[in-house]
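Read through the structure below, which is laid out as structure tokens, and then see the notes.
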Amino acid sequence: MALLESSGLLAPRNIALLILAAAVAAIGGAFAYESFGYLPCELCYKERTPYYAAFALAPLAAFAAQTGRRGMARAAFLLMALLFAGNAILSIYHSGVEWKIFAGPSDCSGPLSTAPSVADFMKQLQSVKVVRCDEPNLWIFGLTLANWNVAISAALAGLALLAVRPSSTHGGAQ
């Protein structure tokens, strides 16, 4: 850790750029995944929110850290830490829904409602495409995307908190 700090690799600006790169990679990966025909569930869409927020917050934090605006940098990093920590919790819930530990939201894992007539049912089939939150369609090294998101979001929250530690906000390479 001391070697990383002395080299400047853990400077707040660099941490912000690393968070931004991770956010771009995550959203880019999600779009690539969709391009292969896999649609995300409602919880997956919600889990993207902190990554989109990082598109604005990480450059702001990098700029603020680089120009000596410590209060602004600290606020941006703390907000990212909160967003990603909350996302890790949401992803734990989503993983539990996939493992059938928790009941998922009714709009993506509840029972299918019956239509009053065959015509109504056919109409519903043409207009509604529900992707279930409790049935993952991609596993990578034995884990679902929600499982991976727990680790990634927790790591990004930790990185954001690392950037606001006293040694990085009061001296050291910016």
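The values are calculated or read from the model by the stated rules, or taken from the named source; none is laboratory data. Please read these numbers as outputs of a predicted model, since none were measured by experiment. Every residue, glycine as well, gets a Cβ built from its backbone with ideal geometry; the counts of neighbours run over all protein chains shown. Ligands, DNA and RNA are excluded from the accessible area calculation, which covers all protein heavy atoms including side chains. Shrake-Rupley method; radii C 1.70, N 1.55, O 1.52, S 1.80 Å.
Scanning region 61-79 for residues being without any contact (Cβ under 8 Å) to a residue 40 or more places away in the chain and surrounded by 19 or more Cβ atoms within 10 Å (Cβ to Cβ) gives a total of 1. When you scan region 126-136, do you find a residue that is in contact with a Cys (Cβ under 8 Å, 6 or more places away or on another chain), modelled with pLDDT under 90 and loosely packed, with under 15 Cβ neighbours inside 10 Å, even just one? Scanning region 126-136, I find at least one residue that is in contact with a Cys (Cβ under 8 Å, 6 or more places away or on another chain), modelled with pLDDT under 90 and loosely packed, with under 15 Cβ neighbours inside 10 Å, so the answer is yes.
Scanning region 129-149 for residues that are within 12 Å of residue 44 (Cα to Cα) and among the β-branched types (Val, Ile, Thr) yields 131, 144.
Every test in (1) farther than 17 Å from residue 135 by Cβ; (2) touching a residue at least 60 places away in the same chain (Cβ under 8 Å); (3) open to solvent by 40 Å² or more (accessible area, probe 1.4 Å) is passed by residue 39 save one, and that test is (1).
You will find that of 52, 45, the residue that is under 12 Å from the mean Cα position of the chain (by Cα), exposed (fewer than 15 other Cβ atoms within 10 Å of the Cβ) and modelled with pLDDT under 95 is 45 and no other. Is there a residue being outside any helix (DSSP H, G or I), surrounded by 15 or more Cβ atoms within 10 Å (Cβ to Cβ) and modelled with pLDDT of 70 or more anywhere in region 151-170? Among the residues of region 151-170, at least one is outside any helix (DSSP H, G or I), surrounded by 15 or more Cβ atoms within 10 Å (Cβ to Cβ) and modelled with pLDDT of 70 or more, which makes the answer yes.
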